[in-house]
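A short write-up of the structure that comes next.
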Amino acid sequence: MTKHTNPASVTRNTNKPILIVGGGFGGMRVARLLSKRRKELGHPILLIDKHRHHVYTPLLYEVASGCTTGAEMELSLIRGATFRFGEVMRSCCEIASAQGTVTGVDATRQEARLADGSVLAYGALVLALGSETDFFGIPGLRERAVTLKTRQDALDIRRRVEALMAPKRNGRKNGTIRLVVGGGGATGTEFAAEMACCFRSMVRRGALKRDAWEVTLVEATNRLLGMLKPELSAFAKRRLERLGVRVMLDTCFKGVEDGTVVITPRPLKPGESAGALVCDLRPGSEKRLPADCIVWTGGVRGPSVLKSFNLPLDPKDRVIVDSSMRVKGRRNLYAVGDCASLTDPKTGRPVPSLAQAATREADVAAANILADEGLAKTRRAYDFPSFHTVVPLGGKYALACIGRVTITGFLGWVVRRLADLRYFVTALPVRYALHAYIRGAWLYVKND
């Protein structure tokens, strides 16, 4: 199959295609699994994404924070975290891929509408559209902050920071580079830690003065990395502070102006007193933080395009699915990954937005599509597993939680690299995965 397929040419097949919309973690996994049973299925498989590249988002912070400069190095770094769908699909010759944007779905007629006006009939549809950044209506945030969800986001941050550093290299200009990161989840914590390491490296090489940089991480709750145990959150906070990151907890963005972030303490919960806050700000007060670059990682929600699909959505605009990953009340329509809303009936908590969860959901959806086609005796249900967590904390240092075992430091970093490798060989053809991993690993080891 060629790198870029005309979607309409696939639908001329008398057997309607299995249409996968979105080439992220979940979408790629569904495509790979179904491709193994392509001949038995008797349906073409078509993956559509609005971009030409699959992005391994856990490595975007490496691209955004790389200390080395130059267009060639920039291109090398981005190649380590992104993969052209055409190159991947050549190794999966039974899968067609196309670049396009789905703007509507008619679940009754089993048709998907594209932005170019074309209509695709499908035999089964898997929505794997990922998520988009939630700005929570904070004034000025959308217009003035940079997010870290796409390859272009990572490059924008990298170029912006490089532009700020250029006049200060070798002491040519005084002043401080002030970087403010909003959101103390995995992405924000990883990025803040890596940027601090980058600045510290520049200082050691004599390219930047010791007082020429400042990284501030702002988190609205009382601890970083809320998915971890409190003692591990505290460990991560201490690590960041040792690197020179200023961590501000129980603190919210109130607004963003040119060169300034206005912060305020989080709202008190019913029955709480001001003493419950772990920040220096008092209820009702605010403070202005100077900021040369603002990176927002404070939350996600379902893609806004889902509102036009006439599907059941939760308050975060994610598609509501049952444990088989099928959209409630819809035949032959599944959703996986960040755009899907599935709640654990035992805990009442939603499935987390993790690559591990997306690939597990994809396993369930693919198995049930096979069951729908009579290629499996029973349908599968999502089993709500607990997931391992590995969070890089700057340089060759990471915090890894594998079941009840906690690994920190260099060994934690090794575990993270092995986790990356596991994903590559799970989601991509093995030969391509190994080549891409080795290419990227060498660059990122050098970057660390």
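Can you tally the net charge around Leu60? Count Lys and Arg as +1, Asp and Glu as -1, for every other residue whose Cβ sits under 12 Å from the Cβ of Leu60.
Numbers: positive: Lys149, Arg151, Arg158; negative: Glu62, Asp153, Asp156, Glu190, Glu194.
Net charge around Leu60: -2.
May I ask you to give the average projected area over all directions of the convex hull of the Cα atoms of the stretch 141-298, in nm² rounded to one decimal?
Numbers: hull surface 39.4 nm².
Mean projected area for the stretch 141-298: 9.8 nm², to one decimal.
Mean-square fluctuation check for the chain, GNM, Cα pairs under 10 Å: which of Thr251, Thr347, Thr389 is largest?
Thr347
Could you size up the charge dipole of the chain around its Cα centre, putting +1 on the beta carbon of Lys and Arg and -1 on that of Asp and Glu, and report it in debye to the nearest 20? Numbers along the way, then the final one.
Numbers: 68 positive and 42 negative charges, 174 e Å.
Once rounded to the nearest 20, the dipole reads 840 debye.
Quick check on the chain: helices-only [θ] at 222 nm, where DSSP H runs of length 4 and up contribute -39,500 (n - 2.57) each and the sum goes over total residues. Nearest 500, please.
Working: 13 runs with 147 residues, N = 448.
Mean residue ellipticity, 222 nm, calculated: -10000 deg cm²/dmol.
DSSP beta bridges in the stretch 141-298, what fraction antiparallel, as a percent rounded to 5? Numbers along the way, then the final one.
Working: 10 of 26 bridges.
That works out to approximately 40 percent antiparallel.
Let me make sure I get this right: for the stretch 39-168, a, b and c are the square roots of the gyration tensor eigenvalues over alpha carbons, sorted descending. Under 1.5 in a/c it's rounded, otherwise prolate if a/b > b/c, else oblate. Which is it? List each step's numbers first, then the result.
Details: a/c = 3.35, a/b = 1.68, b/c = 2.00.
The shape class here is oblate.
What Kirkwood hydrodynamic radius, in Å, does the chain give when the mean of 1/r is taken over all pairs of distinct Cα atoms and then inverted? Please list the in-between numbers first.
On the way: mean 1/r = 0.0433 Å⁻¹.
With all distinct Cα pairs of the chain included, I get 23.1 Å.
In degrees between 0 and 90, to the nearest 10, how far off the longest principal axis of the chain does helix 230-243 point, with axes built from Cα atoms?
60
So what are the stretch 122-220's ellipsoid semi-axes, whole angstrom, largest first, if each one is the square root of 5 times an eigenvalue of the alpha-carbon gyration tensor? Each step should come with its number before you reach the end.
On the way: eigenvalues 212, 45, 33 Å².
After diagonalising the Cα gyration tensor, the semi-axes are 33, 15, 13 Å.
About its Cα centre, how strong a charge dipole does the stretch 141-298 have in debye, to the nearest 20, once Lys and Arg get +1 and Asp and Glu get -1 at the Cβ? Spell out each step's value before the answer.
Working: 30 positive and 18 negative charges, 131 e Å.
That gives a dipole near 640 debye.
For helix 355-372, report the angle its Cα long axis makes with the longest principal axis of the Cα atoms of the chain; keep it between 0 and 90° and round to the nearest 10°.
Between helix and principal axis, roughly 10 degrees.
Would you mind counting up the charge near Trp213? Only other residues with Cβ under 11 Å from its Cβ, with Lys and Arg at +1 and Asp and Glu at -1.
On the way: positive: Lys168, Arg178, Arg200, Lys209, Arg210; negative: Asp211, Glu214, Asp292.
Once positives and negatives cancel, what remains is +2.
Relative to the first principal axis of the alpha-carbon coordinates of the chain, what is the inclination of helix 410-427, with its axis defined by its Cα atoms, in degrees from 0 to 90 and to the nearest 10?
The answer is roughly 20 degrees.
Rounded, prolate or oblate: which fits the stretch 229-274 when a ≥ b ≥ c are the square roots of the eigenvalues of the alpha-carbon gyration tensor, with rounded for a/c under 1.5 and prolate only if a/b beats b/c? Walk me through the intermediate numbers first.
Working: a/c = 3.49, a/b = 1.14, b/c = 3.08.
Here the stretch 229-274 falls in the oblate category.
Which Rg and Dmax, in Å, describe the Cα atoms of the stretch 337-413?
Reported Rg and Dmax, both Å: 16.3, 50.
Any read-out appearing in this document is the output of simple, stated calculations on the displayed coordinates, not a laboratory observation. Predicted model, so just to flag it, every value in this text is computed and none were measured. FYI the Cβ positions are ideal-geometry reconstructions off the backbone, even for glycines, and counts take in every protein chain you see.
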